[in-house]
Amino acid sequence: MAVPYNHRAIEAKWRVNWEKKPVNVNDGKKPKYYCLDMFPYPSGNGLHVGHWRGYVISDVWSRFKMLQGYYLIHPMGWDAFGLPAENYAIKKGVHPAKSTAENVANIKKQIQDIAAIYDWDMEVNTTDPEFYKWTQWIFVKMFKEGLAYEKEFPINWCPSCKTGLANEEVVNGCCERCGATVTKKNLRQWMLKITKYAERLLNDLDKLDWPEKVKKMQTDWIGKSYGAEVDFAIDGRSEKITVYTTRPDTLYGATFMVLAPEHALAASLATEETKEAVEKYIYDASMKSNVDRLQDKEKTGVFTGSYAINPMNGAKIPIWLSDYVLADYGTGAIMCVPAHDDRDFEFATKFQIPIIQVIAKDGKEIPSMTEAYTEASGTMINSGDWNGMESAVLKKEAPAMIEKMGIGKKTVNYKLRDWVFSRQRYWGEPIPIIHCPKCGNVPVPEEELPLTLPQVESYQPTGTGESPLAAIDEWVNTTCPCCGGPAKRETNTMPQWAGSSWYFLRYVDNKNADELVSREKADKYLPVDMYIGGVEHAVLHLLYSRFYTKFLCDIGVIDFDEPFTKLFNQGMITGKNGIKMSKSKGNVVSPDELVQDYGCDSLRMYELFVGPPELDAEWDDRGIDGVYRFLNRFWKLASDSLEANVPATKEMVKLRHKLVYDITRRLEGFSLNTVISGFMEYTNKLMEIAKKQGGIDKETIETAIVLLAPFAPHIAEELWEKAGHEDSVFHSTWPTADEEAMKDDEIQIPVQINGKTRAVISVPVDISKEEAIAKGKEAVADKLTGTIVKEICVPGKIINIVQKQ
RNA sequence: GCCGGUGUGGCGGAAUUGGCAGACGCAAAGGACUUAAAAUCCUUCGGAAAGUGAUUUCCGUGCCGGUUCGAGUCCGGCCACCGGCACCA
């Protein structure tokens, strides 16, 4: 009798052995495979079972790739700058540097419990000056290339975090981090010109093996639209107003024009009579936050008193101001075609502006419109020379026609805005810029980087729009690297996304003091082949990283312009009823006790067994018993069989190949939950056979151990050793299935009458259709009471007899 | 409002992409072993009806309809829940 499965002893033993003799070694000959987890920010709450899931998925995939003969790059690090870390430190009343270091140590210990095959020699930490030296270096490079610039304008401001935010960080008008309502604040900001890369960021999505959902979200976020800019003269004045439209086909239907209240010409368009109302409207709009604007669904507006001239037909159309027009999209001015746009229709109806239909719906003009007809399909009417054209065709051709006529030009527009890159907080990389009264903005010389974050007593946010760094005179006051005169340092810091936008490049050369990454190592080990993490970063981190990668490619640091070839988003683990695990809800399940009671191997397998990896799953502790029992059964089967050492039977060989085939296919398809059920199913079958034969042959058992190794590494390694191997199971190779050997001689196929199964017959696998049908009919003879109209036989699948009564 | 995703037993889920619906597991019930319990092993486990019984028949994958010899899977029309975007002209 074999000894019972003792997960504590086995796991402790192999933890030590692997530490002594790592299994993932680079012999310089194997091809590389870079499998990356989104690195965590070291929160004080530690890990829960949901965090485990992603790390287990990536580790299983990594070990699978290793067994397939790759040198694995599987690093881990810490995204330790930023608001969460700083807010936690403030709450606990300790310096963020201290709390961050403690949290890193804690989480590292917890992550090591997963027994993932991380290469800790590659570890990075974004708050390490040797790391953020390069975060700052990238900023300096961007500044020199004109991609980082200063601008003062009303930005999104979180009154709770007391800092400015990027557009990507505002969710439904609220702060992405804390949920507070975002307001507007006029601030001098550092911006990154991500818009310069809009077209490439959009087009290169095609190259990526990413979930369609994420690609779609990025596409929508970039928001490319095709249209035209059209110039409208102002009646009685020399200036003109340019509008942007995606529907130039409806130009004849433009019956008014609306400008954003912030438009440069807005105030000047007012007449004696409208002056007061116009100024009030502009003032009120400036006082409104974005959220107010969003919530006021009812349209407001004011007539300026001036008129524009429709360039197509010379019609005089009134110019209005309204805050439903956004100042920073297009030209901040629109032409309004109430007949064919919902918003314009609503506005025109409210302010009694004429509505002119220019596209016939179903060949007819709608007698009295109750809503806009927004489709670009139908024949043009009331449109001068354009009458009779198809709207869909005209929509495409009009921009070029307008350009020819000299009244505008063909244009594309993007929703993507430049990235607000400065934060008024302490815990981030200082922006390496010096403001010199003579020389202007001068970057800190590259050889002087890193510009380290000064130690301060008070790091709490000021709320004034100034960073806490501004209060440290000895740090702020410096000399200009250019002219040597007195100058002041930039006091804003970078957002959390700065370090995470490029950290994956640093892992492979994390100790390089002279370069961000050596070109040789970058060419050899990058980019990332598989990136695993939650979907919440679809338009934040993942977009920023793509932007950074393209920039670094353009300046020759690296030779590829997409960071992550393949992306996998794992679903979230929730508490009961799909409620997100959180400390405040009290539904957090910690992995620590589960590892103690059931072992790391059981928890790893259960994390996968709870459901398809890409979907959310509700955690239920009870289910882990199932995989624990399975591991016990597998342990017993394997150790008993290794002792018994029975010869292989045909049946065993067949099952062995089927097992390899099924597990490999499911694993490659990322159907990890069914891999686990597959192991259970085959183990049950093998146990049946073992009961009769006194065991299972060694080769089959060894094959199963190798297949199981990525999922339950400890037990696999222990059994592998018991089977007499001195080297690690991870130095064997992933088995391949011989499809010939899998074939059964006899197969079971159902016999149906009119699509309903009436019998199941056993037939030779190579039986002819005719014979199969004959046998099938025999089996259901007593139920064939009518006239047979059709006989269907799909070889190996089904027989269906269609009969009529 | 627009765009995605999901909907299958008491529960988590499976179904080789059009071919025996409910694999595998949890929970539950009954039994074996045990002085007893735990552990382990065996059996049952979608619903309804008929039969002493092995079994048989009908219904069943959110709802309604269609295509097909055959639909959880394909098509059309709805419903519910969960995400994303939301005055981008």
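What to note about this one:
- Within segment A:59-110, the set of residues being open to solvent by less than 10 Å² (accessible area, probe 1.4 Å), farther than 23 Å from residue A:506 by Cα, modelled with pLDDT under 95 and not small (Gly, Ala, Ser) comprises A:86, A:96.
- Filter result (within 20 Å of residue A:432 (Cα to Cα), of a type in the set (Asp, Glu) and open to solvent by 50 Å² or more (accessible area, probe 1.4 Å)) within segment A:482-535: A:514, A:515
- Of the helices (runs of 4 or more DSSP H) lying entirely inside segment A:671-765, those carrying at least 2 residues that are buried (at least 17 other Cβ atoms within 10 Å of the Cβ) and of a type outside the set (Phe, Trp, Tyr) are A:672-693, A:698-708, A:713-722.
- Residues that are acidic (Asp, Glu), within 22 Å of residue A:183 (Cβ to Cβ) and buried (at least 21 other Cβ atoms within 10 Å of the Cβ) do occur in segment A:317-338.
- Output for segment A:241-254, where each listed residue is in contact with a helix residue (DSSP H, G or I) (Cβ under 9 Å, 6 or more places away or on another chain) and open to solvent by 10 Å² or more (accessible area, probe 1.4 Å): A:245, A:246, A:247, A:252
- Segment A:120-141, residues that are within 20 Å of residue A:433 (Cα to Cα) and of a type outside the set (Phe, Trp, Tyr): A:126, A:127, A:128, A:129, A:130, A:133, A:135, A:136, A:138, A:140, A:141
- Qualifying residues in segment A:780-805 (those that are in a loop (DSSP other than H, G, I, E, B) and surrounded by 14 or more Cβ atoms within 10 Å (Cβ to Cβ)) - the one modelled with the highest pLDDT: A:795
- Just one of (1) open to solvent by less than 30 Å² (accessible area, probe 1.4 Å); (2) touching a Ser or Thr at 6+ places or on another chain (Cβ under 7 Å) fails for residue A:639. It is (2).
- Residue count for segment A:455-470, restricted to those that are closer than 17 Å to residue A:422 by Cβ and not β-branched (Val, Ile, Thr): 9
- Filtered residues of segment A:463-481 (kept if closer than 18 Å to residue A:90 by Cα, buried (at least 16 other Cβ atoms within 10 Å of the Cβ) and not hydrophobic (A, V, I, L, M, F, W, C)): A:467, A:468
- Of all residues making up segment A:166-187, the number that are open to solvent by 30 Å² or more (accessible area, probe 1.4 Å), more than 8 Å from RNA strand B (Cβ to nearest atom) and not in a strand (DSSP E or B): 4
- Residues of segment A:204-223 classified as assigned to a helix (DSSP H, G or I), open to solvent by less than 50 Å² (accessible area, probe 1.4 Å) and either among the charged types (D, E, K, R) or under 18 Å from residue A:413 (Cβ atoms) (or both), total: 4
- Selected residue (criterion: farthest from RNA strand B (Cβ to nearest atom)) from residues of segment A:224-240 that are loosely packed, with under 15 Cβ neighbours inside 10 Å and either within 18 Å of the chain's Cα centre (by Cα) or assigned to a strand (DSSP E or B) (or both): A:226
- Residues (part of a helix (DSSP H, G or I), in contact (Cβ under 8 Å) with a residue 12 or more places away in the chain and surrounded by fewer than 20 Cβ atoms within 10 Å (Cβ to Cβ)) located in segment A:660-670: A:661, A:662, A:664, A:666
- Residues in segment A:245-269 that are out of contact with any strand residue (DSSP E or B) (no Cβ under 6 Å at 6 or more places or on another chain), near RNA strand B (Cβ under 10 Å from one of its atoms) and among the hydrophobic types (A, V, I, L, M, F, W, C): 1 in all.
- Only one of the listed residues (A:607, A:614) is within 28 Å of the chain's Cα centre (by Cα) and away from RNA strand B (no atom under 11 Å from the Cβ). That residue is A:607.
- Sole residue being of a type in the set (A, V, I, L, M), more than 9 Å from RNA strand B (Cβ to nearest atom) and open to solvent by 60 Å² or more (accessible area, probe 1.4 Å), chosen from A:356, A:407: A:356
- Filtered by the rule that a residue be assigned to a helix (DSSP H, G or I) and either closer than 18 Å to residue A:605 by Cα or open to solvent by 20 Å² or more (accessible area, probe 1.4 Å) (or both), segment A:642-659 gives A:642, A:643, A:644, A:650, A:651, A:653, A:654, A:655, A:656, A:657, A:658, A:659.
- Residue A:429 being acidic (Asp, Glu) and within 35 Å of the chain's Cα centre (by Cα): yes
The values are calculated or read from the model by the stated rules, or taken from the named source; none is laboratory data. All figures in this text were calculated on a predicted structure; none of them were measured in a lab. Here Cβ is always computed from backbone atoms with ideal geometry, including for glycine, and neighbour counts include all displayed protein chains. Ligands, DNA and RNA are excluded from the accessible area calculation, which covers all protein heavy atoms including side chains. Shrake-Rupley method; radii C 1.70, N 1.55, O 1.52, S 1.80 Å.
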